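Colleague: Have a look at the structure that comes next, please.
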Amino acid sequence: MRPDVVFFDLDDTLVDETGLMADCVRRVAQQMQDVYPFLPPELVVETYLRASLDLWRRVTPAQAGVTIPLMRRWTWEDTLRRLRVDGPVEPFLERYTALRDGQVRPFPDARPVLEELRRRGYRTGVISNGETALQRWKLDRTGLSELLDPVVTSQEVGRSKPDPEVFFEAARRAGADPHRCWMVGDLPHADVAGAVAAGMTAVWVRRRPPDSPPQGPRPHHTVDGLSGLLELLP
Ligand SMILES: [Mg+2]
């Protein structure tokens, strides 16, 4: 069935959050080589990305008092714990924040695909587990805001993907039946599972090969990049 609305996750679906994060963590680890010469930067990157993914499974800015700066601190603390580094977290956190703040990196296929879907008559929106102000800033900074409406975040709904309530709220704001909405996202346990639970058609965008086969409900479609949507949505 032709959908009325195509919703997108933001981080690692429209913008390259992991690529940017990895680059910033790598530079921090390189800068820290004088203090920790036996800490390979690539190992720090790998450990940080894993710690971040594990944290986001348990905690999001939908929870009271949780902010991105706090989540970054927890991720660095966990990273150093996993690497058995005894030193203080501050030098890592401060360097990382200085490098990371004020940056966003859209995927090259994001704008052309959104523009083409709109040209074909689809509405396009966002369902994100992120912090409202930060996600809106990313959309403004990349110029993607004008192509996405509504933009729904877990922080404003007070619940996080995969909770179907977040998806129902997005459909309601778009004035559409959830069964006539598609959801495109990179995380099987949040985007695919939540969309399926809400009765939406789930598209898994496999930006990077997963470490292990995804658990939970199967997506209706799988694409390796957003351009694959243009074949699914004539
Ligand atoms: Mg994502």
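Throughout, read-outs are computed from the coordinates displayed, never taken from laboratory work. Owing to the predicted nature of the structure, the values given are computational and were not obtained by experimental measurement. With ideal geometry, Cβ positions are generated from the backbone for all residues, glycine too; neighbour counts draw on all protein chains shown.
Colleague: What is the sum of charges around Thr97, taking Lys and Arg as +1, Asp and Glu as -1, for the other residues whose C-beta is under 13 Å from the C-beta of Thr97?
Modeller: +2
Colleague: Okay, moving on. Considering every Cα-Cα pair within region 17-100, what fraction, in whole percent, is farther apart than 19 Å?
Modeller: Here the long-distance tail beyond 19 Å is 30 percent of all Cα pairs in region 17-100.
Colleague: Specify the angular offset, from 0 to 90 degrees and rounded to the nearest 10, of the alpha carbon long axis of helix 90-100 from the longest principal axis of the alpha carbons in the chain.
Modeller: The two axes meet at around 40 degrees.
Colleague: Still on this structure, please answer the following. For the Cα atoms of the chain, what angle does the longest principal axis make with the long axis of helix 164-174, in degrees from 0 to 90, nearest 10?
Modeller: 50 degrees
Colleague: Shifting gears a bit: Helix-only estimate, please: 222 nm mean residue ellipticity of the chain, summing -39500 (n - 2.57) across DSSP H runs of length 4 or more and dividing by its residues, to the nearest 500.
Modeller: The per-residue figure over the chain is -13000 deg cm²/dmol.
Colleague: Once you place label points 7 Å from the Cα toward the Cβ at Arg141 and Leu43, how far apart are they in nm?
Modeller: 3.1 nm
Colleague: What is the Cα convex hull volume of the chain when expressed per residue in Å³?
Modeller: Working: hull volume 26.8 nm³, N = 234.
Spread over its residues, the Cα hull of the chain gives 115 Å³ apiece.
Colleague: Report the one residue of Leu93, Leu55, Val25 whose Cα lies farthest in the direction of the positive end of the charge dipole of region 17-100 (charges on C-beta: Lys and Arg +1, Asp and Glu -1; origin at the Cα centre).
Modeller: My answer, from the dipole projection, is Leu55.
Colleague: Something else now. Only four residue types carry charge here, +1 at the Cβ of Lys and Arg and -1 at the Cβ of Asp and Glu. Report the dipole size of the chain about the Cα centre in Debye, rounded to the nearest 20.
Modeller: About 240 debye.
Colleague: Restricting to DSSP loop positions (anything but H, G, I, E, B) with no more than 13 other Cβ atoms inside 10 Å of their own Cβ, which trypsin sites (Lys or Arg not before Pro) remain in region 1-107?
Modeller: Here the sparse-neighbourhood loop sites are Arg84.
Colleague: If you don't mind, there's one more thing I want to ask. Going by amide H atoms built from the backbone, whose H comes under 5 Å of the H on Phe7, apart from near neighbours?
Modeller: Amide H neighbours of Phe7, under 5 Å, 5+ apart: Gly125, Trp182, Met183, Val184.
Colleague: Among residues other than Val166 whose Cβ falls under 13 Å from its Cβ, what is the net charge (Lys/Arg +1, Asp/Glu -1)?
Modeller: Charge balance in the 13 Å sphere: -2.
Colleague: Can you give me the angle between helix 17-31 and the longest principal axis of the chain, using Cα atoms only, in degrees from 0 to 90, rounded to the nearest 10?
Modeller: 10 degrees
Colleague: About its Cα centre, what dipole magnitude does region 17-100 give when the only charges are +1 on Lys and Arg Cβ and -1 on Asp and Glu Cβ, stated in debye to the nearest 20? Mind showing how you got there, number by number?
Modeller: Working: 12 positive and 11 negative charges, 42 e Å.
Charge dipole, region 17-100, about its Cα centre: 200 debye, nearest 20.
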